[in-house]
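Engineer: Below is one structure. I have some questions about it.
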Amino acid sequence: MSTKSLDLRVLKQQLEVHLSRLALRATPQETHSSLALELLAHGEANVIFQLNQTALVRVAVNSPNQRFAGDIRRVTQFEYTILEYLKRTDIGHQLQAASLEPAADFPYTFLITNYLDGNSLDYSRSHLQKCAETLAQLHRLSAIAGYEIERLLPTVPIIEQPLTVFYHEAKDYAQPYLDSPTAEPEIVEMLHAVLDKARSRLSAERLLETYPHRCLVHGDHSYENWVINDRQAYLIDWEWAEIGSPAGDLGHFLSPVTVRRRQNYRLPAADRAFFLQCYYNALDDVTLASRIERHFAAFGVYPAVRSLCWTAGYWITANRWYADAKDSPSAVERMARLEQSRRQFSELWQEVMAWLDEEV
């Protein structure tokens, strides 16, 4: 289901009625007038409302992620599985309730979680350290009793050969642009060059097999997917999660495409090194840190390659997500970011190509 024809005002009204009925059945003394619902964000997959200032309702309205095969129910079911897995940690939201099948009076699925107080990632050293510590906690979780990755199967996919998978996904993401009659020859040439360079490094995949470590990986580190307060950093929005190499998270977090989304920010090399050192220290396991360092050397750049190719393809497809969501501040902000990415593409390409030239 596409968000193109989605009327956010109607969606809000339907959700208010549905939640009121649920509340009335649960506690008959209350009425729907006690519900306060406010639109917070509208993305490709979810519309997020704040409920009574203390909770969030995350409504799945679309599934741009190909793994869900167009079934928006699977977006909710997927994140439900992950939040259940993480429920005894402070890594993300705490699950309060879930509607995993559409209801007669509300045609969407949704999750209700706690509201996390904090700010989005600003790439200050304080934030970088907190994010590094949260990622280290996530990546060592699979070695702790009760957090075996088998609990996530078969809902969360295992990525067996991440370099190969990310390379082919990058090709697929770039294709809408490469096929477009309005494609600029210079950008077409850049896309072919970055894909060729990524293909030439695929033999490094053997390092991940020689030094294996698999865990739950978040996979989408845009600054707004972090909520950070004085105590710690929380990860939200798990729809791109997978079971695989932790270097996928490190690579996406440090990708210039990811970092530049926040007010055209450029992460200094010293801060990049600071983040990685904080992360390896927080693992508190020299052997595991050494393994993940090898993973990062081989695989870390591939999330950046995929993001760069996704960016070009997204120029062609973005309007179908946001054309009819002009009243959503989130949509306006994302469209502005899209236009900015067109202007930045040459610089981003140069940074990704330089990363691809680093020694494995």
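We did not get these values from a lab; they are worked out from the coordinates using the rules stated. Just so it is clear, the structure is predicted and the values come from calculations on it, not from any experiment. Cβ atoms come from the backbone with ideal geometry, glycine included; neighbour counts cover every protein chain shown.
Engineer: One quarter of the convex hull surface, Cα atoms only: what value does that give for the range 237-304 in nm²?
Structural biologist: Mean shadow area of the hull around the Cα atoms is 5.1 nm².
Engineer: Just to confirm a number: summing +1 for Lys and Arg and -1 for Asp and Glu over residues other than residue 244 whose beta-carbon lies under 14 angstrom from that of residue 244, what do you get?
Structural biologist: Neighbour charge sum, excluding residue 244 itself: -3.
Engineer: In whole Å, what three semi-axes, largest first, describe the equivalent ellipsoid of the range 125-356 built from its Cα gyration tensor (square root of 5 times each eigenvalue)?
Structural biologist: Ellipsoid semi-axes (Å, largest first): 29, 21, 17.
Engineer: Let me check against my output: what whole-number percent is the relative contact order of the chain, with C-alpha pairs under 8 Å and at least 6 apart?
Structural biologist: Details: 571 pairs, mean separation 73.7, N = 360.
For the chain, the relative contact order is 20 percent.
Engineer: Taking 0.36 nm per residue of sequence separation and subtracting the Cα-Cα distance, how much length would be gained by fully extending the chain between residue 358 and residue 105, in nm to one decimal?
Structural biologist: Numbers: separation 253, 0.36 × 253 = 91.08 nm, distance 5.51 nm.
Net length gain for the segment: 85.6 nm.
Engineer: Moving on. List the GluC sites (Glu not before Pro) in the range 146-220 that DSSP assigns to loop (not H, G, I, E or B) and whose Cβ has at most 13 other Cβ atoms within 10 Å. Which are they?
Structural biologist: Passing sites in the range 146-220 are 148, 160.
Engineer: Please report how many Lys pairs in the chain have alpha carbons closer than 17 angstrom, counting only residues at least 8 apart along the chain or sitting on separate chains.
Structural biologist: Count of close lysine pairs: 4.
Engineer: I would also like to ask the following. With labels modelled as points extended 7 Å from the Cα through the Cβ direction, what inter-label distance (nm, one decimal) is found for residue 266 paired with residue 182?
Structural biologist: In this crude spin-label approximation the distance works out to 2.9 nm.
Engineer: Something else: At 0.692 mPa s and 37 °C, plugging the Kirkwood radius over alpha-carbon pairs of the range 21-148 into Stokes-Einstein gives what diffusion coefficient in µm²/s?
Structural biologist: 197
Engineer: Using a simple charge model, +1 on the beta-carbon of Lys and Arg, -1 on the beta-carbon of Asp and Glu, nothing else, what dipole does the range 3-114 show about its Cα centre, in debye to the nearest 20?
Structural biologist: Working: 11 positive and 11 negative charges, 26 e Å.
Computed charge dipole of the range 3-114: roughly 120 debye.
Engineer: Size of the dipole of the chain about the Cα centre, Lys and Arg at +1 and Asp and Glu at -1 on the beta carbon, nothing else charged, in debye to 20?
Structural biologist: Taking the Cα centre of the chain as origin, the dipole is about 240 debye.
Engineer: Ok, one more. For the pair residue 200 and residue 175, how long in nm is the line joining their label points, each one 7 Å along Cα→Cβ?
Structural biologist: For residue 200 paired with residue 175, the spin-label model returns 2.5 nm.
Engineer: Positive end of the dipole of the chain, charges at C-beta (+1 Lys, Arg; -1 Asp, Glu), about the Cα centre: which of 192, 288, 131 has its Cα farthest in that direction?
Structural biologist: So the residue furthest toward the plus end is 131.
Engineer: Looking only at the chain, where both bridge partners belong to it, what percent of the DSSP beta bridges are antiparallel (to the nearest 5)?
Structural biologist: 95
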